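Here is the structure we will look at, set down as C-alpha coordinates.
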Amino acid sequence: MYLLIRVFLFGFVFFFACSFAVVVFKIKKRDKWAILTVVTAVLLGIGSTILDVENWFYTFPTPEAALHYTDSGVVMMAVDGKESTLVFYQNEGTALKSLPRTEKGWKMSGAIGLLHEVSHSRNREIYVTIDRHKNTDDYYVSIWDAYNKLGENPEIYDNCSSSFSCYRSEDDPEPLFDITFSSTFHCAYVSGLDIEEYELFVNGEQFTFSPNRFWPLPFE
(Lines give C-alpha, C1' and ligand atoms only; values in the text may rest on other atoms or scores of the structure.)
Protein backbone atom coordinates (compact mmCIF):
# COMPACT_ATOMS: atom_id res chain seq x y z
CA MET A 1 0.00 0.00 0.00
CA TYR A 2 2.80 2.41 0.93
CA LEU A 3 4.57 1.90 -2.41
CA LEU A 4 1.37 2.16 -4.45
CA ILE A 5 0.36 5.44 -2.81
CA ARG A 6 3.84 6.89 -3.26
CA VAL A 7 3.96 5.89 -6.94
CA PHE A 8 0.51 7.35 -7.61
CA LEU A 9 1.07 10.56 -5.67
CA PHE A 10 4.51 11.46 -6.95
CA GLY A 11 3.62 10.22 -10.43
CA PHE A 12 0.74 12.67 -10.50
CA VAL A 13 2.96 15.51 -9.28
CA PHE A 14 5.59 14.59 -11.87
CA PHE A 15 3.03 14.64 -14.71
CA PHE A 16 1.57 17.95 -13.52
CA ALA A 17 5.01 19.59 -13.17
CA CYS A 18 6.11 18.55 -16.65
CA SER A 19 2.83 19.62 -18.25
CA PHE A 20 2.96 22.96 -16.46
CA ALA A 21 6.53 23.56 -17.64
CA VAL A 22 5.64 22.74 -21.24
CA VAL A 23 2.72 25.20 -21.24
CA VAL A 24 4.41 28.03 -19.37
CA PHE A 25 7.92 27.85 -20.80
CA LYS A 26 6.84 26.50 -24.20
CA ILE A 27 9.46 23.76 -24.22
CA LYS A 28 9.46 22.23 -27.66
CA LYS A 29 12.86 20.75 -28.20
CA ARG A 30 13.41 17.13 -27.23
CA ASP A 31 16.66 17.78 -25.35
CA LYS A 32 15.06 20.38 -23.09
CA TRP A 33 12.19 18.01 -22.37
CA ALA A 34 14.65 15.27 -21.44
CA ILE A 35 16.56 17.59 -19.08
CA LEU A 36 13.34 18.72 -17.45
CA THR A 37 12.21 15.12 -16.99
CA VAL A 38 15.48 14.07 -15.33
CA VAL A 39 15.57 17.09 -12.99
CA THR A 40 11.95 16.61 -11.97
CA ALA A 41 12.44 12.89 -11.38
CA VAL A 42 15.48 13.54 -9.16
CA LEU A 43 13.65 16.17 -7.10
CA LEU A 44 10.65 13.91 -6.66
CA GLY A 45 12.87 11.01 -5.66
CA ILE A 46 14.53 13.14 -2.97
CA GLY A 47 11.18 14.46 -1.82
CA SER A 48 9.66 10.98 -1.50
CA THR A 49 12.38 9.94 0.98
CA ILE A 50 12.29 13.13 3.06
CA LEU A 51 8.63 14.14 3.11
CA ASP A 52 6.07 11.99 4.89
CA VAL A 53 3.26 13.33 2.72
CA GLU A 54 0.68 10.92 4.09
CA ASN A 55 0.98 12.55 7.51
CA TRP A 56 -0.57 15.71 6.08
CA PHE A 57 -3.97 14.10 5.64
CA TYR A 58 -4.09 10.79 7.53
CA THR A 59 -3.72 9.65 11.15
CA PHE A 60 -3.42 6.00 12.17
CA PRO A 61 -5.57 4.65 15.04
CA THR A 62 -2.80 2.52 16.62
CA PRO A 63 1.01 2.34 16.63
CA GLU A 64 0.73 -1.08 14.94
CA ALA A 65 -1.23 0.41 12.04
CA ALA A 66 1.30 3.22 11.58
CA LEU A 67 4.20 0.77 11.64
CA HIS A 68 2.61 -1.69 9.22
CA TYR A 69 2.00 1.06 6.67
CA THR A 70 5.73 1.07 5.88
CA ASP A 71 7.11 -2.04 7.59
CA SER A 72 6.07 -5.62 8.18
CA GLY A 73 6.62 -7.55 11.38
CA VAL A 74 5.09 -8.34 14.75
CA VAL A 75 4.98 -5.62 17.41
CA MET A 76 6.40 -7.00 20.65
CA MET A 77 6.20 -3.89 22.81
CA ALA A 78 5.31 -0.21 22.55
CA VAL A 79 6.45 2.53 24.93
CA ASP A 80 4.62 5.86 24.85
CA GLY A 81 6.35 9.20 25.11
CA LYS A 82 4.80 12.67 25.09
CA GLU A 83 5.05 13.25 21.34
CA SER A 84 6.01 9.80 20.09
CA THR A 85 5.82 6.07 20.67
CA LEU A 86 8.78 3.70 20.48
CA VAL A 87 7.90 0.36 18.89
CA PHE A 88 9.96 -2.77 19.42
CA TYR A 89 9.10 -5.28 16.69
CA GLN A 90 10.37 -8.43 15.04
CA ASN A 91 10.81 -8.94 11.33
CA GLU A 92 13.64 -11.36 10.46
CA GLY A 93 15.31 -10.00 13.57
CA THR A 94 14.48 -7.30 16.11
CA ALA A 95 14.19 -3.60 15.35
CA LEU A 96 13.19 -0.28 16.91
CA LYS A 97 11.14 2.49 15.34
CA SER A 98 9.69 5.70 16.77
CA LEU A 99 6.33 6.98 15.55
CA PRO A 100 5.01 10.56 15.88
CA ARG A 101 2.10 10.71 18.34
CA THR A 102 -0.77 13.21 18.36
CA GLU A 103 -3.99 13.63 20.32
CA LYS A 104 -5.88 11.89 17.51
CA GLY A 105 -3.51 8.99 16.93
CA TRP A 106 -0.18 8.14 15.31
CA LYS A 107 1.63 9.20 12.17
CA MET A 108 3.96 7.24 9.94
CA SER A 109 7.69 7.56 10.51
CA GLY A 110 10.05 8.21 7.63
CA ALA A 111 13.58 7.01 7.08
CA ILE A 112 14.95 9.11 9.97
CA GLY A 113 12.64 9.16 12.97
CA LEU A 114 14.75 7.76 15.79
CA LEU A 115 18.04 9.52 16.45
CA HIS A 116 20.68 7.44 18.22
CA GLU A 117 22.35 9.55 20.90
CA VAL A 118 24.68 7.19 22.78
CA SER A 119 25.23 3.52 23.56
CA HIS A 120 27.08 1.38 26.08
CA SER A 121 28.02 -2.28 25.99
CA ARG A 122 29.14 -4.72 28.67
CA ASN A 123 30.99 -7.76 27.35
CA ARG A 124 28.86 -7.53 24.18
CA GLU A 125 26.05 -9.19 26.13
CA ILE A 126 24.31 -6.22 27.77
CA TYR A 127 23.60 -3.29 25.44
CA VAL A 128 22.28 0.04 26.68
CA THR A 129 21.21 2.68 24.19
CA ILE A 130 19.73 6.16 24.49
CA ASP A 131 17.68 7.33 21.52
CA ARG A 132 15.57 10.40 20.83
CA HIS A 133 12.63 10.97 18.54
CA LYS A 134 13.61 13.71 16.09
CA ASN A 135 12.56 17.29 16.84
CA THR A 136 11.33 16.39 20.34
CA ASP A 137 12.56 15.88 23.90
CA ASP A 138 11.28 12.29 23.90
CA TYR A 139 14.20 10.09 24.94
CA TYR A 140 14.12 6.31 25.23
CA VAL A 141 16.54 4.25 27.30
CA SER A 142 16.77 0.67 26.06
CA ILE A 143 18.52 -2.33 27.61
CA TRP A 144 18.98 -5.40 25.45
CA ASP A 145 19.94 -8.43 27.53
CA ALA A 146 21.27 -11.10 25.18
CA TYR A 147 20.94 -14.63 26.57
CA ASN A 148 19.18 -13.33 29.72
CA LYS A 149 22.40 -12.72 31.61
CA LEU A 150 20.66 -10.34 34.03
CA GLY A 151 18.36 -13.02 35.41
CA GLU A 152 14.60 -13.40 35.60
CA ASN A 153 13.82 -10.22 37.59
CA PRO A 154 16.69 -7.75 37.26
CA GLU A 155 16.70 -4.61 39.37
CA ILE A 156 16.65 -1.67 36.95
CA TYR A 157 16.22 1.97 37.92
CA ASP A 158 17.67 5.40 37.10
CA ASN A 159 18.00 8.86 38.61
CA CYS A 160 14.91 10.05 36.72
CA SER A 161 12.48 7.63 38.42
CA SER A 162 11.66 6.12 35.03
CA SER A 163 9.33 3.16 34.62
CA PHE A 164 10.91 0.34 32.61
CA SER A 165 8.78 -2.01 30.52
CA CYS A 166 10.00 -5.51 29.72
CA TYR A 167 9.63 -8.00 26.88
CA ARG A 168 11.10 -11.48 27.21
CA SER A 169 11.62 -13.75 24.21
CA GLU A 170 12.40 -17.44 24.38
CA ASP A 171 13.19 -18.16 20.74
CA ASP A 172 14.95 -15.27 19.06
CA PRO A 173 16.41 -16.37 15.70
CA GLU A 174 20.13 -16.13 15.03
CA PRO A 175 20.40 -16.60 11.23
CA LEU A 176 24.21 -16.55 11.19
CA PHE A 177 24.54 -19.66 13.36
CA ASP A 178 21.08 -21.14 12.62
CA ILE A 179 20.11 -21.27 16.31
CA THR A 180 17.58 -19.64 18.63
CA PHE A 181 18.25 -18.06 22.02
CA SER A 182 16.48 -16.30 24.86
CA SER A 183 16.78 -12.56 25.40
CA THR A 184 15.07 -9.71 27.23
CA PHE A 185 14.41 -6.13 26.16
CA HIS A 186 13.80 -3.37 28.73
CA CYS A 187 12.81 0.15 27.80
CA ALA A 188 11.71 3.40 29.44
CA TYR A 189 10.63 6.83 28.24
CA VAL A 190 12.53 9.77 29.74
CA SER A 191 11.51 13.35 29.05
CA GLY A 192 14.28 15.86 28.34
CA LEU A 193 17.09 13.54 29.37
CA ASP A 194 20.49 15.11 30.08
CA ILE A 195 22.99 12.50 28.88
CA GLU A 196 25.90 13.74 30.99
CA GLU A 197 23.78 13.78 34.18
CA TYR A 198 21.91 10.56 33.52
CA GLU A 199 22.66 7.52 35.70
CA LEU A 200 21.33 4.01 35.14
CA PHE A 201 21.60 1.14 37.60
CA VAL A 202 21.25 -2.49 36.52
CA ASN A 203 21.52 -5.13 39.24
CA GLY A 204 23.62 -2.73 41.27
CA GLU A 205 25.98 -1.79 38.42
CA GLN A 206 26.05 1.88 37.53
CA PHE A 207 26.06 3.02 33.89
CA THR A 208 27.03 6.59 33.05
CA PHE A 209 27.15 8.11 29.59
CA SER A 210 29.08 10.62 27.55
CA PRO A 211 27.78 12.31 24.39
CA ASN A 212 28.81 10.64 21.14
CA ARG A 213 29.98 7.45 22.84
CA PHE A 214 29.00 4.59 20.56
CA TRP A 215 29.36 0.84 20.68
CA PRO A 216 28.06 -1.73 18.16
CA LEU A 217 24.29 -1.93 18.47
CA PRO A 218 22.33 -5.19 18.82
CA PHE A 219 19.87 -4.05 16.16
CA GLU A 220 22.45 -3.44 13.41
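The values are calculated or read from the model by the stated rules, or taken from the named source; none is laboratory data. None of these values were measured; they are calculated from a predicted model. Positions of Cβ are backbone-derived with ideal geometry, glycine not excepted, and every protein chain shown enters the neighbour counts.
Reported count of residues in the stretch 181-201, each being over 21 Å from the mean Cα position of the chain (by Cα), of a type outside the set (A, V, I, L, M) and not in a loop (DSSP other than H, G, I, E, B), is 4.
Is it true that some residue in the stretch 206-219 is assigned to a strand (DSSP E or B), modelled with pLDDT under 95 and basic (Lys, Arg)?
Here is the first cut: in the stretch 206-219, the residues assigned to a strand (DSSP E or B) are 206-208.
Those left that are additionally modelled with pLDDT under 95: 206-208.
Filter again for basic (Lys, Arg), leaving none.
No, the stretch 206-219 has no match at all.
Taken as a whole, the condition of being of a type in the set (Ser, Thr, Tyr), out of contact with any Asp or Glu (no Cβ under 6 Å at 6 or more places or on another chain) and exposed (fewer than 15 other Cβ atoms within 10 Å of the Cβ) does not apply to Thr94. Reported count of residues in the stretch 79-114, each being free of Cβ contacts under 8 Å to residues at least 24 places away in the same chain and of a type in the set (A, V, I, L, M), is 1. Residues that are part of a strand (DSSP E or B) and under 14 Å from the mean Cα position of the chain (by Cα) within the stretch 121-140 comprise Thr129, Ile130, Asp131, Arg132, His133, Asp138, Tyr139, Tyr140, listed in sequence order. Hey, any hits in the stretch 65-72 for a residue that's of a type in the set (Phe, Trp, Tyr) and over 29 Å from Glu205 (Cα atoms)? Among the residues of the stretch 65-72, at least one is of a type in the set (Phe, Trp, Tyr) and over 29 Å from Glu205 (Cα atoms), which makes the answer yes.
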